[in-house]
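Participant: The structure that follows is given in the form of C-alpha cells.
The values are calculated or read from the model by the stated rules, or taken from the named source; none is laboratory data. What you are looking at is a predicted structure, and each value in this text was computed from that prediction instead of being measured. Positions of Cβ are backbone-derived with ideal geometry, glycine not excepted, and every protein chain shown enters the neighbour counts. For accessibility, only protein heavy atoms count, side chains too; no ligands or nucleic acids. Shrake-Rupley method; radii C 1.70, N 1.55, O 1.52, S 1.80 Å.
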Amino acid sequence: MSIKDKVIVIMGASSGIGEATSKLLAEKGAKLVIAARRLDRLEAIKEAFPEADIHIQEADVTNYEDVQKVVDLAMNTYGRIDVLYNNAGIMPTAPIVEGRRDEWQKMLDINIMGVLNGIAAVVPIMAEQKSGHMIATDSVAGHVVYPGSAVYCGTKFAVRAIMEGVRQEQRENNIKSTIISPGAVATELYQTISDKEVAEALHQDQLESGLTSEDIASAVVFAIDTPDRISVNDMIVRPTGQPV
C-alpha cells in the first residue's frame, strides 16, 4: 500500500517532529488525522495544505477518552487505521536530588501513559484488520543514560520496552512496531525544562549542531513507506558529530 492510500493518525502533531511529519505526509498525499492540545496549531497545518486529506482533533494524550475520540474520528471517516504515530512527549530534565516529583509524574503521564493510551485504543482495531503499524518517538535517551536526565531516560527506556512488547505480541497479526530515537533535534522540547539557563543552553546547542524536525520526519516516513514484509523496529538518528 502506498503512502497516499494509508490512513495515518498522529498524536502530538502541533509542533516539532509531529508537525514536520504531518506536513511531509500531507505533501505525499496520505489520509491524515492529526491531534494535539493546541487546536490552533493543527488548524494552521490544515490551512497550509488545502488540497490534502486532513482531519484535526484537539486531544490530550494523558486522557484516554481524548485519544479514543481521535481514533473514532479516523474510523468513522475512513473505516480503518493503517498507522498510529505516538509522538507527544516532554523533557523537564533535572538532577534527581532536586526531587521534582511533579515533573516526574508529568513525564510518566505523557511519555509513557500517552503512548499506552494510543496503543490501547488502536491495537484491537489493527488486530482485527490483521495489519497496521505502531510508531513512537523514543530518544537516544532510551538507549543510554546520562546525568541530569535519569527520569526522562527511564520513560524512554520504558517506551522502548513497551514497543518491543507490541512487536512480539502482535507480529502474527501483521502489526509492525517502530521506535524513532532522535539525538539532538531543534524543537520546542527544551521549553519543558524548568531551569531556563539549562534550557537555553540546550536550545542553542541544538540550533548549532542538532538535526531539524524535518530530518526526523523523513525517517518516520521512510519507516512508514516500507513494504508489509519489512518492519524497521528501531531507528536511531543522531547528528553526525553527537558524542552520546
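Participant: Percent of accessible area on the chain owned by carbon and sulfur, 1.4 Å probe? Let's see the in-between values first.
Facilitator: On the way: 5720 of 11340 Å².
Carbon plus sulfur share of accessible area: 50 percent.
Participant: Something else about it: Give the angle, between 0 and 90 degrees and rounded to the nearest 10, that separates the Cα long axis of helix 16-27 from the longest principal axis of the Cα atoms of the chain.
Facilitator: Compared with the principal axis, the helix lies near 30 degrees.
Participant: Moving to a separate point now. For the chain, report the accessible area per residue in Å² (1.4 Å probe, heavy atoms, rounded to an integer). If you can, show how the numbers build up before the last one.
Facilitator: Working: 11340 Å² over 244 residues.
Each residue of the chain exposes 46 Å² on average to a 1.4 Å probe.
Participant: Counting each pair of different Cα atoms once, what's the Kirkwood radius of segment 12-60 in Å, rounded to one decimal?
Facilitator: Numbers: mean 1/r = 0.0977 Å⁻¹.
The answer is 10.2 Å.
Participant: For LYS69, list the lysines whose Cα falls under 19 Å from its own Cα; do not include residues on the same chain fewer than 8 positions away.
Facilitator: Output for LYS69: LYS31, LYS46.
Participant: Step by step: find N for segment 109-163, compute 2.2 N^0.38 Å, then divide the Cα radius of gyration by it. What's the final number? If you can, show how the numbers build up before the last one.
Facilitator: On the way: Rg = 13.0 Å, N = 55, 2.2 N^0.38 = 10.1 Å.
Normalised Cα radius of gyration, segment 109-163: 1.29.
Participant: Please work out, to two decimal places, the log10 of the ratio I(q)/I(0) at q = 0.11 Å⁻¹ from a Debye calculation in which every Cα of the chain carries one identical scatterer.
Facilitator: The Cα Debye sum returns log10 ratios of -0.53.
Participant: For segment 22-97, what ratio Rg/Rh do Cα atoms give with a Kirkwood hydrodynamic radius?
Facilitator: Numbers: Rg = 14.3 Å, Rh = 13.6 Å.
My calculation of the ratio gives 1.05.
Participant: Evaluate the distance, in nm, between pseudo-label points positioned 7 Å from the Cα of GLU169 and of LEU39 along their respective Cα→Cβ axes.
Facilitator: 3.3 nm
Participant: A further question follows. Short version: ³J(HN,Hα) in whole Hz for each residue of segment 84-89, in order, from phi by Karplus 6.51 cos²θ - 1.76 cosθ + 1.60 (θ = phi - 60°), x for Gly and Pro, what are they?
Facilitator: So the J values, rounded to whole Hz, are 10, 10, 7, 10, 4, x.
Participant: What's the angle, to the nearest 10 degrees (0 to 90), between helix 196-209's Cα axis and the longest principal axis of the chain?
Facilitator: The helix 196-209 is inclined about 60 degrees to the chain.
Participant: Between segment 1-24 and segment 39-62, how far is it from one alpha carbon centroid to the other, in angstrom?
Facilitator: Cα centres, segment 1-24 to segment 39-62: 10 Å.
Participant: What aspartates and glutamates does LYS130 reach when the alpha-carbon gap must be under 12 Å and sequence neighbours fewer than 8 apart in one chain are set aside?
Facilitator: Cα-Cα hits under 12 Å: ASP82, GLU172, ASP228.
Participant: Can you send over the solvent-accessible area of PHE157, 1.4 Å probe, protein chains only, in Å² to the nearest 10?
Facilitator: 80 Å²
Participant: Same structure, new question: Only loop residues by DSSP count here, and only those with at most 14 other Cβ atoms within 10 Å; note down the GluC sites (Glu not before Pro) in segment 5-72 that meet that.
Facilitator: Details: sites: GLU19, GLU27, GLU43, GLU47, GLU51, GLU58, GLU65; in loops: GLU51.
Those that pass, being in a loop and sparsely packed, are GLU51.
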